[in-house]
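**Student:** What follows is a single structure, and I will ask about it in a moment.
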Amino acid sequence: MESLANSRRILVLTGASRGIGHATVKRFSSAGWRVITCSRHAFPEGCPWEAGPEDHLQVDLSDAGDAERGVGELKRRLAGGPLHALVNNAGISPKGANGERLSSLNTDLDLWLQVFRVNFFAPIALARGLFEELRRGKGSVVNVTSIVGGRVHPFAGAAYATSKAALAGLTREMAADFGPHGIRVNAIAPGEIKTAILSPDTERLLAPTIPMRRLGTPEEVAKTIYFLCSDQSSYVTGSEIHINGGQHV
């Protein structure tokens, strides 16, 4: 009989240290999943999550070499077993020296490349690197895009927005390529969610324009991620679900 440890479903999650990522850790852990977290930060000593130190991987996804090392370490930890879900949540959205939005006219090319390495290239590198494990687990990949991938935003910069638009396109391509192998690939596109990435004036300026008249919570996003990784969405692939209180309508 298969042991409980071997029968637990496993999630690999990037960008787990705060906001949507932190809420996702709690949602999956409460359902009995093993969650392997990836972040550029070391595991915080004061965090009460018992499995954290053993199931946390410090990796800099903006560095292609370190990302490759991270994939190797993840494969070692999975030890040839199945991976049931990969959630590509890590993302960076740089601001100017005074916190201002960076446009297509004033974003340094090196910064543009850094944003794309984290927001666009890391998701495909991880999914390809963990392909065999995902295939064994009939896994689900969830890419976190954004409402800004489809419109110009007053706070999100051009590099961030275009990287998220590219990630939405990549999600469709991955769904077509990974689907025959039993792997589903979807995206979620959050709108204004109460996280540290928001600019200070977001709630005051944008909440009144949202049909639901409020910002979303990380927990609401985590619930949708969980749905896309569960059997309840077993015939859903190639989709991008908008989580924005109707902001896109």
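FYI, it's all coordinate maths here, none of it is from the lab. No experiment lies behind these values; they were computed from the predicted model shown. Neighbour counts run over all protein chains shown; Cβ positions are idealised from the backbone, glycine included.
**Student:** Work through the residues other than residue 150 whose Cβ is under 13 Å from its Cβ and net out their charges, Lys, Arg +1 and Asp, Glu -1.
**Tutor:** Value of the local net charge: +1.
**Student:** What residues qualify as long-range amide H neighbours of residue 243, i.e. H under 5 Å apart, gap of 5 or more or another chain, H built at 1.01 Å from N?
**Tutor:** Those lying under 5 Å, H to H, from residue 243 are 189, 191.
**Student:** Here's a follow-up. Give me the distance in nm between label points sitting 7 Å out from Cα along the Cα-to-Cβ direction at residue 69 and residue 8, one decimal.
**Tutor:** Label-label distance for residue 69 and residue 8, simple model: 2.6 nm.
**Student:** With only alpha-carbon atoms counted, please give the Rg and Dmax of the chain, in Å.
**Tutor:** 17.5, 61
**Student:** Here's a follow-up. Under the Karplus relation 6.51 cos²θ - 1.76 cosθ + 1.60, θ = phi - 60°, what is the ordered set of whole-Hz ³J(HN,Hα) values for the stretch 24-38, x standing for Gly and Pro?
**Tutor:** 5, 4, 5, 5, 6, 4, 5, 8, x, 6, 7, 10, 9, 9, 10
**Student:** If you put +1 on each Lys and Arg Cβ and -1 on each Asp and Glu Cβ, how big is the dipole of the stretch 16-127 around its Cα centre, in Debye rounded to 20?
**Tutor:** Computed about the Cα centre, the dipole is about 380 debye.
**Student:** Something else: Please arrange 174, 212 by how many other C-beta atoms lie within 10 Å of their C-beta, fewest to most.
**Tutor:** Lowest to highest Cβ neighbour count: 212, 174.
**Student:** By how many degrees, 0 to 90 and rounded to 10, does the Cα axis of helix 64-78 deviate from the longest principal axis of the chain?
**Tutor:** That helix lies at roughly 40 degrees to the long axis.
**Student:** List the pairs from 26/95; 164/194; 95/194; 75/138; 26/194; 75/95 whose alpha-carbon separation is above 23 Å, in the order I gave them.
**Tutor:** 26/95; 75/95
**Student:** Output wanted: per-residue J couplings in Hz (rounded whole) for the stretch 160-173, from phi through Karplus 6.51 cos²θ - 1.76 cosθ + 1.60, θ = phi - 60°, x for Gly and Pro.
**Tutor:** 4, 4, 6, 5, 6, 5, 5, 5, 5, x, 4, 4, 4, 4
**Student:** Residue 76 to residue 235: extension gain in nm, 0.36 nm per residue of separation minus the Cα-Cα distance?
**Tutor:** 54.2 nm
**Student:** If you average 1/r over all unlike Cα pairs in the stretch 57-115 and invert the result, what Kirkwood radius do you get in angstrom?
**Tutor:** Evaluated on the stretch 57-115, it is 14.1 Å.
**Student:** Using helices alone, I'd like the mean residue ellipticity at 222 nm for the chain: each DSSP H run of four-plus residues gives -39500 (n - 2.57), total over residue count, nearest 500.
**Tutor:** Calculated at 222 nm, the ellipticity per residue is -11000 deg cm²/dmol.
**Student:** Once phi is turned into ³J(HN,Hα) by the Karplus curve 6.51 cos²θ - 1.76 cosθ + 1.60 with θ = phi - 60°, what whole-Hz value does each residue of the stretch 141-152 show in order, with x for glycine and proline?
**Tutor:** 10, 10, 9, 8, 9, 5, 4, 6, x, x, 7, 6
**Student:** Using Cβ counts within 10 Å as a stand-in for footprinting exposure, how do 226, 160 rank, fewest first?
**Tutor:** Exposure proxy ranking, most exposed first: 226, 160.
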